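Okay, structure first, notes after.
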Amino acid sequence: MIPLYHDFTGERVLVVGGGSVGARKARRFATEADVVVVSPGFADADFGGAERVRSEVAPDDVPAWFERVDPALAVAATDDAAVNAHVESEARERGVLVNRTDTHGERDPGSVVVPATVRDDPVVVSIATGGASPALSKYLREQVEDDIAGAGAMAELTGALRDDLQGRGVDPERRRDVVRAVVRSPDVWTTLRTGNAKPRQLIDDVLADVAPELLK
């Protein structure tokens with residue numbers, strides 16, 4: 001599987017299953033998409049503000065829910081393999097992305113694996129094991145969290161620095177060298193992680209350190 005990022009803004013996600021797995025999936029997508037969770041009952045869990053519809057879902061009911069919700073992604077998260085299989089097959093027939101939570105390993109075209117994710121916006125790091133070991137994904141996510149602290153601020157800083165250098169007419173190769181030096185600077189990372197850095201002053205400080213000729 002090739003990792004891709006998908007923008008679900010304005011899209012709808014159908015989650016069939018209201019247990020702890022369905023709740024986790026709903027929370028993940030509700031930050032961006034409109035999520036509808038259909039289940040005869042719901043776990044005592046946070047569903048991220050998703051719309052919850054209390055209803056039995058038999059295999060023959062699945063097409064009607066696709067018609068009603070018109071999802072961009074369907075999540076099959078029940079403990080009934082027959083229902084999950086119908087959600088999966090209905091999604092394929094309609095060209096809808098599908099995440100089936102009761103299968104692991106090899107997946108058919110159109111399948112989606114929801115990775116463990118670490119965010120320091122605009123930086124996003126995702127970790128997946130192909131569904132083979134969610135526990136390992138979670139462990140690796142925890143390891144990465146500390147490593148990327150400050151990465152969002154670094155992305156914003158280097159983006160502003162690149163624009164600044166381009167505005168000065170600096171040669172592209174020299175721009176790359178300067179930005180690379182900033183990204184690899186322990187002092188800059190330390191400053192960013194304090195949360196007290198002023199971007200304009202920091203850019204000038206960085207240039208004074210790695211490219212003083214550009215401040216002349």
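Points worth noting:
- Choice from GLY159, GLY150, GLY130 with maximal GNM fluctuation in the chain (Cα, 10 Å cutoff): GLY159
- Gaussian network model of the chain, springs between alpha carbon atoms under 10 Å - residue of GLY17, GLY131, GLY49 with greatest fluctuation: GLY49
- Net +/- balance of residues flanking LEU202 in space, Cβ distance below 13 Å, scoring K and R +1, D and E -1: -3
- Expressed to the nearest 5 percent, the antiparallel share of DSSP beta bridges inside segment 56-197 is 50 percent.
- Relative to the longest principal axis of the Cα atoms of the chain, helix 20-30 runs at roughly 50 degrees.
- Heavy-atom surface of segment 118-216, accessible at 1.4 Å and reported per residue (Å²): 62
- Each Lys and Arg adds +1 at its Cβ and each Asp and Glu adds -1 at its Cβ; summed about the Cα centre, the chain shows a dipole of about 540 debye.
- Sum of -39500 (n - 2.57) over DSSP H runs of 4+, divided by residues of the chain (222 nm, nearest 500): -14000 deg cm²/dmol
- Heavy-atom surface analysis with a 1.4 Å probe gives segment 147-216 a carbon and sulfur content of 48 percent of its accessible area.
The values are calculated or read from the model by the stated rules, or taken from the named source; none is laboratory data. Bear in mind that the values here come from a model prediction, so they are computed numbers and not experimental data. For neighbour counting, all protein chains shown are included, and Cβ atoms are generated from backbone atoms with ideal geometry for every residue, glycine included. The area values use the complete protein model at the heavy-atom level, side chains included, leaving out ligands, DNA and RNA. Shrake-Rupley method; radii C 1.70, N 1.55, O 1.52, S 1.80 Å.
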